Amino acid sequence: MVDVGTRRALVGAVVVCLPTYNEAATVSPVATAIASLGYRVLIIDDNSPDGTGTIADRLAAASASISVIHRTAKEGLGKAYSAGFGAAHAMGADIICEIDCDFSHDPNDLPRLVDAVAEGADVAIGSRYVPGGSAPHWSVGRRLLSLGGNWYTRKMLGLSVRDATAGFRAYRATSLSSLDPGGCGASGYGFQVEMTYRASRSGMTIVEVPITFRDRTEGTSKMDRSIVIEAMTLVTRWGVQRALGRGYEPAAPRTVAPSVR
């Protein structure tokens, strides 16, 4: 890992996008932990009924390092991140990160992802499935589902990435912009696969950094069967298009205008 002074010189401005929906119990400690690393935090709240947005506003009022986007509807992870990426570009970010708001990703691993981009990667993925990565305490069924989904994704799309579904990432801002995240059709965790596929097809340098993924201890997981079905359906469609030589055809995206505070 590069030293702090070198990292600051190489990296420039880092903005960490933090999507939230009903994360009242975790948004404050997660955002505070990220800000303590010297990074800007951009909370993207999808009109949470549990008051997450109000807590986010209080955090932003108390810290110049924290900003908030308020979206008017819950449309899924992909649309939230797309809105956040656009705002992060407007904030002058050189590197734009993704992280879940539940401590399943350790904020203290962010500097390793940022370093990987500073040292030449276009995309750095916090990976459970490269040497040194892990997801302790998972049931056998959950582990097999995740491993099987990633294996299927690699085979269908011709990817070498071991953890294409991972949601803990850092992007070089200029590279991210060229991927047109707002044009992605996936609304759930399939968004991560779609962005990985776009980066791979564009010839970008993708680095996987080993991380330990831990289950959340507060709040409720947003993963459900419909998200898994969406991701597998899209991967199958893109894989068939690839096999037929037809190229990649994303679904038409939907957008909801955000308000930024």
Label point distance in nm, residue 108-residue 130, each placed 7 Å from Cα along Cα→Cβ | 2.1
With label points built 7 Å along Cα→Cβ from the Cα atoms of residue 64 and residue 244, find their separation and express it in nm.
-> 5.5
Put a dot 7 Å past each Cα toward the Cβ at residue 72 and residue 13; how far apart are the dots in nm?
-> 2.7
Residues 207, 240, 161 in order from fewest to most other beta-carbon atoms within 10 Å are 240, 207, 161
Taking the alpha-carbon centroid of each part, what is the distance from segment 119-138 to segment 63-79 in angstrom?
-> 25
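How many percent of DSSP beta bridges within the chain run antiparallel, rounded to 5? Intermediate values should be presented prior to the final figure.
Numbers: 9 of 30 bridges.
Bridges in the chain are about 30 percent antiparallel.
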Please state the charge dipole magnitude for segment 4-243, taken about the Cα centre, from unit charges on C-beta atoms (+1 on K and R, -1 on D and E), reported in debye and rounded to the nearest 20.
-> 640
Furthest towards positive pole of dipole, 231, 187, 52, structure part the chain, Cβ charges | 231
Dipole axis of the chain (+1 Lys, Arg; -1 Asp, Glu on Cβ), positive-most option in 241, 99, 37 = 241
Expressed in Å to one decimal, the Kirkwood Rh of segment 38-143 from all distinct alpha-carbon pairs is 15.8
Tell me, what are the semi-axes, in whole angstrom and largest first, of the equivalent ellipsoid of segment 4-243 as set by the roots of 5 times the Cα gyration tensor eigenvalues?
-> 26, 21, 18
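Every number here is computed from the coordinates shown, using simple stated rules; none is lab data. Keep in mind it's a predicted model, so treat the numbers as computed, not measured. Neighbour counts run over all protein chains shown; Cβ positions are idealised from the backbone, glycine included.
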